[in-house]
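Everything on this sheet refers to the single structure shown next.
Bear in mind that the values in this text are calculations on the coordinates, not laboratory data. Owing to the predicted nature of the structure, the values given are computational and were not obtained by experimental measurement. Reconstructed Cβ throughout: ideal geometry from the backbone, glycine too, with neighbour counts over all protein chains shown.
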Amino acid sequence: RVLVFDSSFNPPTNAHAALARAPLNVAGGSADTTLLLLSVTNADKAPKPGDATPEQRLEMMQLMAQELGEDVAVAAIDAPTFVGKARALRSLGAAQLAFSLGADTLTRLVKPSYYGSEEAMHKALRAFFNDDSARVVCAHRDAEPVPNAAQEYIDAGSVALVNLGERAEGVSSSAVRAKIAQGDESWREMVSSSIVRYILQHGLY
């Protein structure tokens with residue numbers, strides 16, 4: 001079983017690390033391997049001036065993989081949707097897939113506009129969860145609302161919600177970038193020491 005952690009990693013944060021370590025028993029079993037996955041084409045995020053390049057993100061992901069321990073791999077993929085990513089990975093002979101994602105990504109996963117219509121969305125997602133045997137582990141805070149369209153898949157056990165705790169509270173890549181731009185040194189507490197060094201060495205954000 002492969003835990004696929006798909007994100008923009010711009011940059012990787014402590015919240016990313018916490019979600020990568022989230023217990024997969026909430027989604028029906030443990031993972032043999034974790035794959036940190038960067039999409040070079042993203043359905044919902046266009047590159048912005050000042051963003052780290054894909055190459056720099058992959059280098060930071062490799063630093064994060066080293067800190068997470070053994071059985072962690074890094075890859076890039078040219079597929080903008082989770083359904084497309086699952087199919088591409090399955091075509092390589094991958095085992096059962098469990099995708100880790102943040103709450104904002106769950107909202108986009110069940111957004112009809114990315115599929116053309118609500119009917120097309122549910123058809124694609126049911127194939128994603130049933131035919132491809134994929135599962136989703138989603139970071140969730142108790143105060144955050146759950147998208148109505150996701151409830152069907154939560155009730156079916158295809159989507160599991162996990163609370164990452166206080167260490168990940170308020171931590172996001174966008175918050176790190178904003179704090180760096182504002183000269184707020186507290187961003188250093190949101191990422192690992194190796195990522196701090198990388199950002200400083202390359203003058204990112």
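List, in order, the whole-Hz ³J(HN,Hα) value for each residue of the range 176-186 obtained from phi through the Karplus relation with A = 6.51, B = -1.76, C = 1.60 and θ = phi - 60°; use x for Gly and Pro.
Taking θ as phi minus 60°, the curve returns 4, 4, 5, 5, 4, 4, 8, x, 8, 6, 5 Hz for the range 176-186.
Could you go through the range 67-74 in sequence order and give the Karplus-derived ³J(HN,Hα) for each residue, using 6.51 cos²θ - 1.76 cosθ + 1.60 with θ = phi - 60°, rounded to whole Hz, and x for Gly and Pro?
Rounded to whole hertz, the list is 6, 6, x, 6, 6, 10, 10, 10.
Per DSSP helix of 4 or more residues, -39500 (n - 2.57); summed, then divided by the residues of the chain. What does that give at 222 nm, rounded to the nearest 500?
Mean residue ellipticity, 222 nm, calculated: -10000 deg cm²/dmol.
Could you pull out the longest piece of the chain with no exposed loop trypsin sites (Lys or Arg not before Pro) in it, calling a site exposed if DSSP puts it outside H, G, I, E, B and it has at most 16 other Cβ atoms within 10 Å?
Longest site-free region, per DSSP loop and neighbour criteria: 46-140.
Collect residues whose amide H, placed 1.01 Å from N in the peptide plane, falls under 5 Å from the amide H of ARG135; neighbours closer than 5 in sequence don't count.
Answer set, sorted by chain and number: LEU97, ALA98, PHE99.
Please report the net charge: other residues with Cβ closer than 10 Å to the Cβ of TRP187, K and R +1, D and E -1.
0
If amide hydrogens are placed 1.01 Å from N in the peptide plane, which non-local residues have theirs closer than 5 Å to the one on ASP6?
Under 5 Å from the amide H of ASP6 lie the amide H atoms of LEU37, SER100, each far enough along the sequence or on another chain.
Of [x] 1.27; [y] 1.12; [z] 1.00, which one was derived for Cα Rg over 2.2 N^0.38 Å from the structure shown?
[z]
Quick one: which residues, 5 or more positions from THR33 or on another chain, have an amide H under 5 Å from its amide H? H modelled 1.01 Å from N in the peptide plane, none for Pro or chain starts.
Amide H neighbours of THR33: LEU3.
Are there GluC sites (Glu not before Pro) in the range 119-205 that DSSP puts in a loop and that have at most 12 other Cβ atoms within 10 Å, and which ones?
Sites meeting the loop and neighbour criteria: GLU169.
How many nm separate the modelled label positions at GLU119 and SER91, each set 7 Å beyond the Cα in the direction of the Cβ?
Rounded to a tenth, the inter-label distance reads 2.8 nm.
Can you list the HN-Hα couplings for the range 79-92, worked out from phi with the Karplus curve (6.51, -1.76, 1.60; θ = phi - 60°), rounded to whole Hz and with x for Gly and Pro?
Rounded to whole hertz, the list is 8, x, 10, 5, 4, x, 5, 4, 5, 5, 5, 5, 5, 8.
Using Cα pairs under 8 angstrom and six or more residues apart, how large is the relative contact order of the chain, in percent? Could the numbers behind the result be given before it?
Working: 305 pairs, mean separation 58.1, N = 205.
Taking the mean separation of contacting Cα pairs over the length of the chain, I get 28 percent.
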